[in-house]
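Visitor: One structure, as structure tokens, below. Some questions next.
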Amino acid sequence: MPNLEGKVAIVTGAGRGIGREHALALAEAGARVVVNDLGAALSGEGHDDTPAQQVVQEIVAKGGEAAANGENVADFAGAERLVAQAIDGFGRLDILVNNAGILRDRMIVNLTESEWDSVIAVHLKGHFAPTRHAAAYWREQAKAGEQVRGRVINTSSPSGVFGNVGQSNYGAAKAGIAGFTLIVAQELQRYGVTVNCLAPNARTRMTEDTFDMGAPPEGFDPLDPANMSPLVVALAADAAQSITGQVFHVWGGAVNALRGWSADELFSAPEGWEPDALLAELLARFPDGAAPPGMLAGMQSAGGRSLQAAD
Ligand SMILES: NC(=O)c1ccc[n+]([C@@H]2O[C@H](COP(=O)([O-])OP(=O)(O)OC[C@H]3O[C@@H](n4cnc5c(N)ncnc54)[C@H](O)[C@@H]3O)[C@@H](O)[C@H]2O)c1
């Protein structure tokens, strides 16, 4: 296991599910961890400090160091306080894992404004806000001549990169997070910060409500949320300094470095297109039409197995 001793990590939404596993794994590798969790319901409502505190207790019971934080990651000032807690409390910040998330699924025809706004806020702004404050800290460190090996590890979703029906709010936020990763990776490279992204698959309250997950099998369980964390620890290692701007689909032991929006079918007219000629070419080149294959096909191509939608 990479040695993360001396490093300080923040994991958002670490009171449960995948984030909890990231926090435990980073602590096991030697990092001191700020365990952030608002303690919200799956829909984002409510506040409970208990989940974050329990994860802190688990880490401390195993001999690690951790502190709880109950800020809402979508609150810009709250995210600043979260980053400050790591720096003031543990003396530095090395690793930021943006993981907190909520769901408010509905087909687009019925999706309400608040369902759209809340999901976009927690995921997209909830990635921007902590990253923004951490980035400012790392730039300051770099300008002061410190050797920075900062890490931002974001959380997208198969729903965002492949497109899942009924999740236009969530998927748009998650696709946005993948795009945010590509851009911020380029911006922060000069300061010694890598920015990568996971598209996870795990049995948590988030997926148990939406999919028929089946019971955990005997032996290795591909959907154990702990399977998401070895990649986080690996990316946090000093040796991973040159790996940045990647979006990894993770299913059990299958980690796939996705290539999104790469160039493919080219329609080229040296003097420009007339609409009727372009339409004829589109129809000729797509004789069976062209439509997204859907999330499950994308997941399977990336090394995952199919999930069945729950009735
Ligand atoms: N479980 C999966 O298969 C799966 C698939 C794709 C993406 N994801 C993503 O992985 C991340 C973790 O999901 P999970 O499955 O562990 O879900 P989860 O509901 O078990 O955990 C999410 C945690 O985030 C916390 N949270 C919610 N809003 C917050 C806020 N504003 N500020 C701080 N904390 C907040 C919740 O209290 C909760 O403990 C999410 O971003 C989710 O969208 C999960």
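The values are calculated or read from the model by the stated rules, or taken from the named source; none is laboratory data. What you see is a predicted model, and the numbers here were worked out from it, not measured in a lab. When we count neighbours, we look across all protein chains shown, and the Cβ atoms used for this are built from the backbone with ideal geometry, even at glycine. For accessibility, only protein heavy atoms count, side chains too; no ligands or nucleic acids. Shrake-Rupley method; radii C 1.70, N 1.55, O 1.52, S 1.80 Å.
Visitor: Here are R205, R151: which of them is open to solvent by 20 Å² or more (accessible area, probe 1.4 Å) and either more than 14 Å from the ligand (Cβ to nearest atom) or touching a residue at least 40 places away in the same chain (Cβ under 8 Å) (or both)? Reasoning before the result, please.
Guide: Numbers: R151 fails: open to solvent by 20 Å² or more (accessible area, probe 1.4 Å).
Only one candidate qualifies: R205.
Visitor: Under 9 Å between Cβ atoms, at least 6 apart or on separate chains: pull out the pairs that start in region 179-197 with a residue that is open to solvent by 10 Å² or more (accessible area, probe 1.4 Å) and end on any residue that is outside any helix (DSSP H, G or I) and at pLDDT below 95.
Guide: Filtered contacts from region 179-197: G179/G260; G179/W261; L182/G260.
Visitor: Which pairs do you get when a residue that is closer than 20 Å to L96 by Cα, found in region 34-60, comes within reach of a residue that is near the ligand (Cβ under 10 Å from one of its atoms) and hydroxyl-bearing (S, T, Y), reach meaning Cβ atoms under 7 angstrom, with the pair 6+ apart or on two chains?
Guide: Listed by first residue and then by second, the contacts come to N36/T12.
Visitor: Let me ask something additional. Within 20 Å of the chain's Cα centre (by Cα) and either within 12 Å of the ligand (Cβ to nearest atom) or closer than 25 Å to D94 by Cβ (or both) - does that describe any residue in region 258-273?
Guide: So far as region 258-273 goes, no, none of its residues is within 20 Å of the chain's Cα centre (by Cα) and either within 12 Å of the ligand (Cβ to nearest atom) or closer than 25 Å to D94 by Cβ (or both).
Visitor: Is it the case that region 248-256 has a residue that's surrounded by 10 or more Cβ atoms within 10 Å (Cβ to Cβ) and assigned to a loop (DSSP other than H, G, I, E, B)?
Guide: Start the filter on region 248-256 by keeping residues that are surrounded by 10 or more Cβ atoms within 10 Å (Cβ to Cβ), which leaves 248-256.
Filter once more, so that each one left must be assigned to a loop (DSSP other than H, G, I, E, B): 252-253.
Yes.
Visitor: Now a separate question. Are there any pairs with C-beta distances below 6 angstrom linking a residue in region 261-278 that is within 28 Å of A175 (Cα to Cα) to a residue that is at pLDDT 95 or above, with the two at least 6 apart or on different chains, and if so which?
Guide: Going by the 6 Å Cβ cut-off, the qualifying pairs are F267/E281.
Visitor: Let me confirm something: among G78, G19, G89, G44, which residue is open to solvent by less than 50 Å² (accessible area, probe 1.4 Å) and either assigned to a loop (DSSP other than H, G, I, E, B) or more than 14 Å from the ligand (Cβ to nearest atom) (or both)? Even if it seems obvious, please write down each step before you answer.
Guide: Values: G78 fails: either assigned to a loop (DSSP other than H, G, I, E, B) or more than 14 Å from the ligand (Cβ to nearest atom) (or both); G19 fails: either assigned to a loop (DSSP other than H, G, I, E, B) or more than 14 Å from the ligand (Cβ to nearest atom) (or both); G89 fails: open to solvent by less than 50 Å² (accessible area, probe 1.4 Å).
Exactly one residue qualifies, and that residue is G44.
Visitor: Could you list, in sequence order, all residues of region 24-41 that are within 9 Å of the ligand (Cβ to nearest atom), crowded, with 23+ Cβ neighbours inside 10 Å and not aliphatic (A, V, I, L, M)? Spell out how you get there, then give the answer.
Guide: Taking region 24-41 first, the residues within 9 Å of the ligand (Cβ to nearest atom) are 36-41.
This time we only want the ones that are crowded, with 23+ Cβ neighbours inside 10 Å, so: 36-38.
Passing the criteria: N36, D37.
Visitor: Of all residues in region 159-178, which are open to solvent by less than 20 Å² (accessible area, probe 1.4 Å) and of a type in the set (S, T, N, Q)?
Guide: Hits for region 159-178 are S159, Q167, N169.
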